[in-house]
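Participant: The structure's right below; bear with me while I get my questions together.
The values are calculated or read from the model by the stated rules, or taken from the named source; none is laboratory data. Since this is a predicted model, take the numbers as computed values, not measurements. Quick reminder, even Gly has a Cβ in these numbers, built from the backbone with ideal geometry, and neighbours come from all protein chains shown.
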Amino acid sequence: MTLVKAILVKLKDNKPDTEDGDEIPVQFNPSSLKLTLSNHTEGGQSTARPQRQYTGNSSTELAFDLVFDSADEVGADGSGPYNVRDGTRLFEQFVVADPKSGDRQSPPRVMFKWGGLKIKGVISQLSIDFDLFASDGSPLRAKMSVSIKEQDAKYEMLEAGPGSAKNGNAPAPGGRRRAAEDDTQMPGAPTGFMPAARPGDPTSVLPPREAWNGARAAREPMSGVSGAKPKAMIDKTVATVKEATGKAVATFQSWPRNKQLIAGGGALAVVIVLVLLISMTGGGGKTPTTPVAQQGGSQNTAPAFATQEYNDRGITVQVPKGWTRKAAGDWVDYVDPKDAKHKVRILVEKSTAEPTKFLGIAENTLRTKSTSCPKPYARVSLAKTTISGKNGAVLEYTCGSGDDGRHGLWGAVVTGGKAFSFYMTSSEAQFADSKPIFDEMIKTYTLTDA
């Protein structure tokens, strides 16, 4: 499915429904929209005017945030990154008074379009936060907050198809549409409140269930439990509970009557909880653990390739020996001399986001505008881990397909208002041999100033 970008376009002053100039698409679609419809009333605040009166004034306001990022924009000649203001200026022009408006000097009317939503009005407020800068001070990332206000409480929505409010497709007042339900009960379907999965339904997230079959339950033990071992475990558990219960009963009977009544309820609850815990844990089996990255310097096993140490900006990490170092702005690259696209990058950026959210922003850049990540983009995994003894995360992704296929790994940890991240990118054919490079970076990555 093709990604549809939201757009802003200026409208002609004397023809409010006619576009005046080119449509300007956003770099990243907004993550949310806030639509406010307002009526203005007077009265109701004194005995002289006890009832509130509608004055005939109403308005519509749409508010949203836009993100601009030029940190990864590099020209074919290697120039860049570019000043992010080159992108924000295209939208700032909608706030400046239109010279064509004559003596009124009013800002132009604009139209926002995205999917089935259209709203026309004047940008009442536009604010920009810059949060990433190049070494020369040029802003590289910005967040723009926009509010568009129209004096009439109206806007246009999709006129046909799913979500439209025409042709009898609108929901009933006070309710929501729902698909017609099949009230035919399947043979063997449970009667409880949980629905049963339909056989052959590949979209179901519930496993198929059948009615209780006592003979089958006796014949087939639970998954993962078989033979004499569970019987011995159960016999041991029963014996332990009996012994403990006997001692408790003897002690309980020696107490006065009033003390027995007080303690009885609590003792019963404790016994029930213990029995449930024993049955659910299955007699003390081991709990699976999630592997985490080791702290730098904690591994005794030498890597399978020659390394050199990067030591700068409060970071030490092992990278491939013989790879060429390149640096610009907030990043440092080590590039394979045999393949310019095969490299690792070490970055330090301003951020207070959690590691998974930070990598989510990076992923959005890879998906939508990175020149080094051909389409289609696909996430393999995004998992939390430990990096340099701190909470971190690792993103694995692929780009392109066939001979153009790329495969990458990106790790990040956020501390002290900064995001410390690093990634390795290779062709799909190189990835199996290149993954140990990233693994070694995870093992040896150390924040010396944190």
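Participant: If you scan region 349-371, which residues turn out to be under 19 Å from Ser427 (Cα atoms) and either exposed (fewer than 14 other Cβ atoms within 10 Å of the Cβ) or in the same structural domain as Val26 (by TED's automatic domain parsing) (or both)?
Facilitator: Matches in region 349-371: Thr371 only.
Yes/no matrix, rows are residues, columns are (1) free of Cβ contacts under 8 Å to residues at least 24 places away in the same chain; (2) touching a helix residue (DSSP H, G or I) at 6+ places or on another chain (Cβ under 7 Å):
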position: Lys343; (1), (2): no, no
position: Lys384; (1), (2): no, yes
position: Glu396; (1), (2): yes, no
position: His407; (1), (2): no, yes
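Participant: Hey, another quick one. Within region 316-341, track down each residue that is surrounded by 13 or more Cβ atoms within 10 Å (Cβ to Cβ), touching a residue at least 12 places away in the same chain (Cβ under 8 Å) and in contact with a strand residue (DSSP E or B) (Cβ under 6 Å, 6 or more places away or on another chain).
Facilitator: Passing the criteria: Thr316, Val317, Gln318, Val319, Trp323, Asp330, Trp331, Val332, Asp333, Tyr334, Val335, Asp336.
Participant: Taking the stated definitions as given, is Lys5 at pLDDT 90 or above, assigned to a loop (DSSP other than H, G, I, E, B) and charged (D, E, K, R)?
Facilitator: Considered against the rule, which asks whether it is at pLDDT 90 or above, assigned to a loop (DSSP other than H, G, I, E, B) and charged (D, E, K, R), Lys5 comes out as yes.
Participant: Could I ask something else about it? I want to confirm something. Restricting to region 372-395 and keeping residues that are surrounded by 18 or more Cβ atoms within 10 Å (Cβ to Cβ) and within 14 Å of the chain's Cα centre (by Cα), which single residue is nearest to Glu428 (Cα to Cα)?
Facilitator: Leu395
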